[in-house]
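Presented below is the structure to which this report refers.
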Amino acid sequence: DVKVTQSSRYLVKRTGEKVFLECVQDMDHENMFWYRQDPGLGLRLIYFSYDVKMKEKGDIPEGYSVSREKKERFSLILESASTNQTSMYLCASSFRQGIETGELFFGEGSRLTVL
Amino acid sequence: GESVGLHLPTLSVQEGDNSIINCAYSNSASDYFIWYKQESGKGPQFIIDIRSNMDKRQGQRVTVLLNKTVKHLSLQIAATQPGDSAVYFCAENRRGSTLGRLYFGRGTQLTVWP
């Protein structure tokens, strides 16, 4: 069974803290993605990576950075968390040819609250 | 700006009825569309997809219709069940965009009443 695992389901952080959200997939997928989900706004792409050490900005990269040192792991970093980054964060992965079938596999999400 | 959007944010149906969830898109370069289902507390799951060279595609109890003339996409669920209650997202792949890049709509909350 395919699996995308996000390290934390719920986090509470304070303004200014550095936050790491980890995502691991066991499907040997080339592509990995970080989305942010807010009510009424759908899923907005923050960053994605199509290979180890490669990254591309999505629609809302400001305030975020990412790291992909290994194929199976994609980390989202908030260098200095702010209250407007309170949100649900979703990680997804796909094969490089996966877009041909739309098969993005999502994790369960990490709900971050910044106080 | 160009976007993938939904006509209705919420939809309530009686169990056993058919459901129709709509999606409008404005990017004429979109060539591939996907519907995802997101149950409460879970990540989105792929339901069905359709390419721009097709008008209709059927799955198990679900049908996706694509009208390229008016840039409209719909998801039909037959004999809706309580387990179909979820948020449904349409997403599009735009021709020429970076490989793997999907654009999601805002979602429709489907509630099924017994």
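The values are calculated or read from the model by the stated rules, or taken from the named source; none is laboratory data. Treat the numbers as computed from the prediction; the structure is a model and nothing was measured. Counting neighbours? That spans all protein chains shown, and the Cβs are built from the backbone with ideal geometry, glycine included. Keep in mind that these areas ignore ligands, DNA and RNA; they rest on the heavy atoms of the full protein, side chains included. Shrake-Rupley method; radii C 1.70, N 1.55, O 1.52, S 1.80 Å.
Can you list residues from other chains, or at least 5 along the same chain, whose modelled amide H is less than 5 Å from the amide H of A:Met27?
Those lying under 5 Å, H to H, from A:Met27 are A:Lys3.
Give me the percent relative contact order of chain A, please, defined on Cα pairs under 8 angstrom at least 6 residues apart.
Details: 299 pairs, mean separation 41.1, N = 115.
After rounding, I find 36 percent.
Amide H neighbours of B:Arg106 under 5 Å, at least 5 residues apart or on other chains, H built in the peptide plane: list them.
Close amide H contacts, sequence-distant or interchain: B:Leu6.
Tell me, what is the per residue accessible area of the protein assembly as shown in Å², probe radius 1.4 Å? Please report the intermediate quantities before stating the final value.
Values: 11040 Å² over 229 residues.
Value for the protein assembly as shown: 48 Å² per residue.
For A:Asp28, what accessible surface area do you get with a 1.4 Å probe? Give it in Å², rounded to 10.
Counting only protein heavy atoms, the figure is 90 Å².
Report, in cubic angstrom per residue, the convex hull volume of the C-alpha atoms of the protein assembly as shown. Please list the in-between numbers first.
Values: hull volume 28.1 nm³, N = 229.
Considering the Cα atoms of the protein assembly as shown, their hull volume per residue is 123 Å³.
Within the protein assembly as shown, what whole-number % of the accessible surface is contributed by carbon and sulfur, with the 1.4 Å probe and all protein chains included in the calculation? The partial results should precede the final answer.
Details: 5320 of 11040 Å².
C and S atoms contribute 48 percent here.
Using the basic label-point model (7 angstrom from Cα toward the beta carbon), what is the A:Arg9 to A:Lys71 distance in nanometres?
With each label point 7 Å from Cα toward Cβ, the separation is 3.0 nm.
Not counting the cut sites, what is the longest span of chain A without trypsin sites (Lys or Arg not before Pro) that DSSP labels loop and that have at most 16 other Cβ atoms within 10 Å?
Numbers: sites that count: A:Lys3, A:Arg9, A:Arg14, A:Lys18, A:Lys53, A:Lys71, A:Arg96.
For trypsin sites (Lys or Arg not before Pro) (loop position, at most 16 other Cβ atoms within 10 Å), the longest site-free span of chain A is A:19-52.
May I ask you to evaluate 6.51 cos²θ - 1.76 cosθ + 1.60, the Karplus curve with θ = phi - 60°, for each residue of segment B:15-21 and list the ³J(HN,Hα) values in order in whole Hz, giving x for glycine and proline?
Each residue's phi maps through the Karplus curve to give 3, x, 6, 8, 10, 10, 10 Hz.
Rounded to the nearest 100 Å², what is the buried accessible area between A and B, both sides summed, probe 1.4 Å?
On the way: alone 6490 and 6450 Å², together 11040 Å².
Chains A and B together bury approximately 1900 Å².
Using the Karplus equation 6.51 cos²θ - 1.76 cosθ + 1.60 (θ = phi - 60°), what ³J(HN,Hα) coupling, rounded to whole Hz, does each residue of segment B:86-95 give in order, writing x for Gly and Pro?
4, 9, 10, 10, 9, 9, 10, 10, 9, 3
If you place +1 on the Cβ of every Lys and Arg and -1 on the Cβ of every Asp and Glu, how big does the dipole about the Cα centre of segment A:14-115 come out, in debye to the nearest 20? Kindly include the intermediate steps, with their values, before the conclusion.
Working: 13 positive and 16 negative charges, 62 e Å.
So the magnitude is around 300 debye.
Extension gain A:Met88-A:Leu41, at 0.36 nm per residue separation less the Cα-Cα distance, in nm?
Residue separation times 0.36 nm, minus the Cα-Cα distance, leaves 15.8 nm.
What GluC sites (Glu not before Pro) in segment A:1-66 are in a loop by DSSP, with at most 12 other Cβ atoms within 10 Å of the Cβ?
Details: sites: A:Glu17, A:Glu22, A:Glu30, A:Glu56, A:Glu62; in loops: A:Glu17, A:Glu30, A:Glu62.
Sites meeting the loop and neighbour criteria: A:Glu62.
Non-local amide H neighbours of B:Thr80 (under 5 Å, H modeled in plane, Pro and chain starts lacking H): which ones?
Hits under the 5 Å cutoff: B:Gly16, B:Asp17, B:Asn18, B:Ser19.
Calculate the dipole size of the protein assembly as shown relative to its Cα centre from +1 charges on Lys and Arg beta carbons and -1 charges on Asp and Glu beta carbons; express the result in debye to the nearest 20. Kindly include the intermediate steps, with their values, before the conclusion.
Details: 28 positive and 26 negative charges, 70 e Å.
Once rounded to the nearest 20, the dipole reads 340 debye.
Using the Karplus curve 6.51 cos²θ - 1.76 cosθ + 1.60 with θ = phi - 60°, work out ³J(HN,Hα) for each residue of segment A:46-54 in order, rounded to whole Hz, and write x for Gly and Pro.
The phi angles translate into 8, 8, 9, 9, 10, 5, 4, 6, 9 Hz.
For chain A, report the convex hull volume of the alpha-carbon atoms normalised per residue, in Å³, without decimals. Provide the component values of the computation, followed by the final result.
Numbers: hull volume 11.2 nm³, N = 115.
Per residue, the Cα convex hull of chain A comes to 97 Å³.
Just to confirm the filter: which trypsin sites (Lys or Arg not before Pro) across segment B:13-114 are DSSP coil and have at most 12 other Cβ within 10 angstrom of their Cβ? Walk me through the numbers before you get to the answer.
Details: sites: B:Lys37, B:Lys42, B:Arg51, B:Lys56, B:Arg57, B:Arg61, B:Lys68, B:Lys71, B:Arg94, B:Arg95, B:Arg101, B:Arg106; in loops: B:Lys42, B:Arg61, B:Lys68, B:Lys71, B:Arg95, B:Arg101, B:Arg106.
Listed in order of number, the matching sites are B:Arg95.
Which of B:Val62, A:Phe105, B:Ala29 sits farthest toward the positive end of the charge dipole of the protein assembly as shown, with +1 on the Cβ of Lys and Arg and -1 on the Cβ of Asp and Glu?
The residue sitting farthest along the positive end of the dipole is B:Ala29.
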